[in-house]
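Down below is the structure, laid out as structure tokens.
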Amino acid sequence: MTTRTGDGGETSLFGKGRVRKTDPRIEALGDLDEAQSAIGVARAMAPRSTMGRELLELQRGLYLAMSEVATPTEDLSRLPSRLSAADVARLDRVLEVVRKKSRIEGQFVIPGENAISAALDQARTVSRRAERRVVDCVDAGQVSGEVLLPWLNRLSDVLFVLARSIDKSATKAKTTSGSARPKR
């Protein structure tokens, strides 16, 4: 469906009124939407798996994040659901579990060990950009960052550890099959 209401360079947020498409909230929403799609690419590579289910939960959380960014602060009570401290705590638990299973340490990486970890790393970098855009909105007083910012920060952390866990799984499988890449 085409409404043509954005032909003049304006769009609507939740609530009344219109804003320019260059409004910081629209920029943040675009980056959050791109993160949503990037996670979807990774999820498509891991259907019907624990990772696929976790990625779907991250996408659901991003929808809540987008609804908060798109809603004027005075109208936030109208939202049926918002991110909460419990959502941040859930991501902390995911981080703990994945780190324990894969013994992931903080490290710099060159993405691309395999397709799914590369997709997760792409989603992570887009999520980081989205987080920076949301910080701009928080700094401008357009969005409350009390829960939103910690959740977005954990989101990219989760994507990082999931990518590293996939890298470790792939490396272990290669080593087991005798085709491990030589160390340089």
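For the reader, a short list of remarks on this structure follows.
- Rounded to whole Hz, the Karplus (6.51, -1.76, 1.60) HN-Hα couplings of segment 110-125, x for glycine and proline: 9, x, x, 4, 7, 4, 6, 5, 5, 5, 5, 5, 4, 4, 4, 5
- Highest mean packing comes first when the peptides 79-90, 50-61, 153-164 are listed by Cβ atoms within 10 Å, giving 153-164, 50-61, 79-90.
- Label corresponding to Rg/Rh (Cα atoms, Kirkwood Rh) when calculated from the structure given, among (1) 0.94; (2) 1.04; (3) 1.07: (2)
- Projecting the Cα positions of Ser49, Leu64, Val138 onto the charge dipole of the chain (unit charges on Cβ atoms of Lys, Arg, Asp and Glu, taken about the Cα centre) puts Ser49 furthest along the positive direction.
- By average C-beta atoms within 10 angstrom, highest first, the peptides 39-45, 95-101: 39-45, 95-101
- Backbone amide hydrogens, once placed in the peptide plane, bring Asp23 within less than 5 Å of nothing, excluding anything fewer than 5 places away on its chain.
- Under-25-angstrom lysine pairs by C-alpha in the chain, whenever the two are 8 or more apart or on separate chains: 11
Read-outs throughout are calculated quantities, based only on the coordinates presented, and are distinct from any laboratory measurement. What you see is a predicted model; the values in this text were computed from it and never measured. As a convention, Cβ positions derive from the backbone with ideal geometry for all residues, glycine included, and neighbour counts pool all protein chains shown.
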